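The values are calculated or read from the model by the stated rules, or taken from the named source; none is laboratory data. Quantities reported herein were computed from a predicted structural model and do not represent experimental measurements. When we count neighbours, we look across all protein chains shown, and the Cβ atoms used for this are built from the backbone with ideal geometry, even at glycine.
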Amino acid sequence: MTALSKSESEHRRHAVGAEEDVGALRRAVARMAAGQRGLRAGVAELVATELGTNLVRHAHPGGYVLARRAGDGIELISVDHGPGLSTAALTTSVNVPPPSGGCGLNAGLDVVRRNATEFDWYSTRLGTVVYARLGTGGTGTGTGTSTSTNSRWRFGGVNIPLGGDGESGDAWAVAPSPRLAALVVDGLGHGPAAALAARAAITAFEQTPVTDLDRLIRHSHEAMHGTRGGVLGACLIDPERSGLTFAAVGNITGRVLTGGRRVHLLDRPGTLGTHLPVPTTRLQHCPWEAGATLILVSDGIRSSWHLDGHPRLLEHHPAVIAAVLHRDHGRPTDDATVLVVRDNIGVA
């Protein structure tokens, strides 16, 4: 089984509110892009500059760009409280490419779109999110993007450390296959010690095929011994049996969304990695339908999160969905993670 590495799941948050912030963003992205084999020289800096410039010129009062390494390239997500886009775009909230040869925000987005392997944007009166994946495309190894345009699974997320920089105590991982496994882990506290605990759980996830959530939680508990411990939530989706199984120890929660129905995935008190016996695992089962969406969150996202006011958001790239939820419901006092997995079967 292969999964997303701990270092790849973390975003860096770059605030952009003035012209000098655009230069700082460009330099930071250039450092991140260095050595990424899927990038053409200067492309990451160009895209970062366009995204940052759009925030300065069209978002009030500015916004931020999330950046992380992804496979052989990088991922950039521009986020603001807008509005930024045209009245028509704000009204319809549809995912259509901006016209070529335009000016202002649309021209900037066209530059981003033409240089991106994956591109999406979503806008309402609450703000705008622009997603760009640069590189040669998804690899099917948990890079946070779809494995191909015809893949069954598409997934993405945001993982933002407290303060927007440094090591996150959160992590997420996905192992796509006909039977998909997904995990979100939150090391206790913040900083390097919390990150070490999360990394131990991710390593356990990577090393053993996930066919049994009880076994995964036991292995994670053992792997996290010697660290400060943490909490964890994991899912197994079996599309052949049209079912999802969820297990959590500690405050990792989620929802399964399909059509007009939503199922809440509930946590169970406990901590992994301590000297206490591994907590008893309680498995939660729910139906899984073609076209369904799974969302898992750490406690850096307020428990009252919702998608109200975001028409057709679930039609967009999972990383866009995650960025919108984090923007509107993230706690500024904690690491925060949102993981989104969508079943592409039945999706137009």
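Need pairs with beta-carbon distance below 7 Å; first residue modelled with pLDDT under 95 and within region 224-249, second acidic (Asp, Glu) and outside any loop (DSSP other than H, G, I, E, B); sequence gap 6+ or separate chains.
PRO239/ASP343
Is it true that some residue in region 177-194 is buried (at least 24 other Cβ atoms within 10 Å of the Cβ), out of contact with any helix residue (DSSP H, G or I) (no Cβ under 9 Å at 6 or more places or on another chain) and at pLDDT below 95?
no
Would you check if ALA48 is part of a helix (DSSP H, G or I) and at pLDDT below 95? Write out each step before concluding.
Numbers: part of a helix (DSSP H, G or I): yes; at pLDDT below 95: no.
Spelling it out, it is not the case that ALA48 is part of a helix (DSSP H, G or I) and at pLDDT below 95.
For every residue, the table says whether it meets (1) modelled with pLDDT under 95; (2) in the same structural domain as GLY169 (by TED's automatic domain parsing); (3) more than 20 Å from ILE77 (Cα to Cα); (4) buried (at least 17 other Cβ atoms within 10 Å of the Cβ).
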| position | (1), (2), (3), (4) |
| --- | --- |
| PRO269 | yes, yes, yes, no |
| THR274 | yes, yes, yes, yes |
| ILE301 | no, yes, no, yes |
| GLY309 | yes, yes, yes, no |
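Considering (1) under 19 Å from TRP121 (Cα atoms); (2) surrounded by fewer than 21 Cβ atoms within 10 Å (Cβ to Cβ); (3) in contact with a strand residue (DSSP E or B) (Cβ under 8 Å, 6 or more places away or on another chain), say which one VAL324 fails and leave the rest.
For VAL324, the exception is condition (2).
Condition first: modelled with pLDDT under 95 and in a helix (DSSP H, G or I). Can you find one or more residues in region 72-88 that meet it?
Yes; the residues of region 72-88 include at least one that is modelled with pLDDT under 95 and in a helix (DSSP H, G or I).
Does any residue of region 103-118 turn out to be at pLDDT 95 or above, surrounded by fewer than 24 Cβ atoms within 10 Å (Cβ to Cβ) and in a strand (DSSP E or B)?
Within region 103-118, one or more residues are at pLDDT 95 or above, surrounded by fewer than 24 Cβ atoms within 10 Å (Cβ to Cβ) and in a strand (DSSP E or B).
Could you say whether any residue in region 319-329 is of a type in the set (Lys, Arg), outside any helix (DSSP H, G or I) and at pLDDT 95 or above? Even if it seems obvious, please write down each step before you answer.
First, pick out the residues of region 319-329 that are of a type in the set (Lys, Arg): 327.
Going one step further and asking which of them are outside any helix (DSSP H, G or I), we end up with none.
No; the residues of region 319-329 include none that is of a type in the set (Lys, Arg), outside any helix (DSSP H, G or I) and at pLDDT 95 or above.
So which residues in region 34-48 are without any contact (Cβ under 8 Å) to a residue 60 or more places away in the chain and either more than 20 Å from GLY82 (Cβ to Cβ) or of a type in the set (Asp, Glu) (or both)? Walk me through it before giving the result.
Taking region 34-48 as the starting set, the residues that turn out to be without any contact (Cβ under 8 Å) to a residue 60 or more places away in the chain are 34-35, 37, 40-42, 45, 48.
Residues satisfying the conditions are ALA34, GLY35, ARG37, ARG40, ALA41, GLY42, GLU45.
Working only within region 163-194, note down all residues that are over 20 Å from LEU66 (Cα atoms), touching a Lys or Arg at 6+ places or on another chain (Cβ under 7 Å) and part of a loop (DSSP other than H, G, I, E, B).
LEU188, GLY189
Name every residue in region 298-313 that is among the charged types (D, E, K, R) and more than 17 Å from the chain's Cα centre (by Cα), in order of residue number. Give the steps one after another, and end with the answer.
Kept after step one, since they are among the charged types (D, E, K, R), are these residues of region 298-313: 299, 302, 308, 312.
ASP308, ARG312, listed by residue number.
Which of (1) closer than 24 Å to LEU162 by Cα; (2) in contact (Cβ under 8 Å) with a residue 60 or more places away in the chain is the odd one out, the single condition GLY309 does not satisfy?
Answer for GLY309: the failing condition is (1).
Are any of the residues in region 150-158 at pLDDT 95 or above, in the same structural domain as VAL297 (by TED's automatic domain parsing) and more than 25 Å from ILE74 (Cβ to Cβ)?
no
For region 219-247, name all the residues that are closer than 19 Å to ALA198 by Cα and of a type in the set (Val, Ile, Thr).
Passing the criteria: THR227, VAL231.
Output the residues belonging to region 119-133 that are among the basic types (Lys, Arg) and part of a strand (DSSP E or B). Steps first, please.
Of all residues in region 119-133, those among the basic types (Lys, Arg) come to 125, 133.
ARG133 - this is the single residue of region 119-133 that is among the basic types (Lys, Arg) and part of a strand (DSSP E or B).
Can you tell me which residue among HIS264, HIS221 is under 23 Å from HIS190 (Cα atoms) and not polar (S, T, N, Q)?
Working: HIS264 fails: under 23 Å from HIS190 (Cα atoms).
Exactly one of HIS264, HIS221 is under 23 Å from HIS190 (Cα atoms) and not polar (S, T, N, Q), namely HIS221.
What's the number of the only condition in (1) assigned by TED's automatic domain parsing to the domain that holds ALA48; (2) at pLDDT below 85 that GLY144 fails to meet?
(1)
Looking at region 40-54 only, could you name the residues that are over 21 Å from the mean Cα position of the chain (by Cα), aliphatic (A, V, I, L, M) and either over 20 Å from ARG114 (Cβ atoms) or surrounded by 14 or more Cβ atoms within 10 Å (Cβ to Cβ) (or both)?
VAL43, LEU46
Within region 251-265, does at least one residue satisfy the condition of being without any contact (Cβ under 8 Å) to a residue 60 or more places away in the chain, surrounded by 17 or more Cβ atoms within 10 Å (Cβ to Cβ) and over 27 Å from ARG152 (Cβ atoms)?
no
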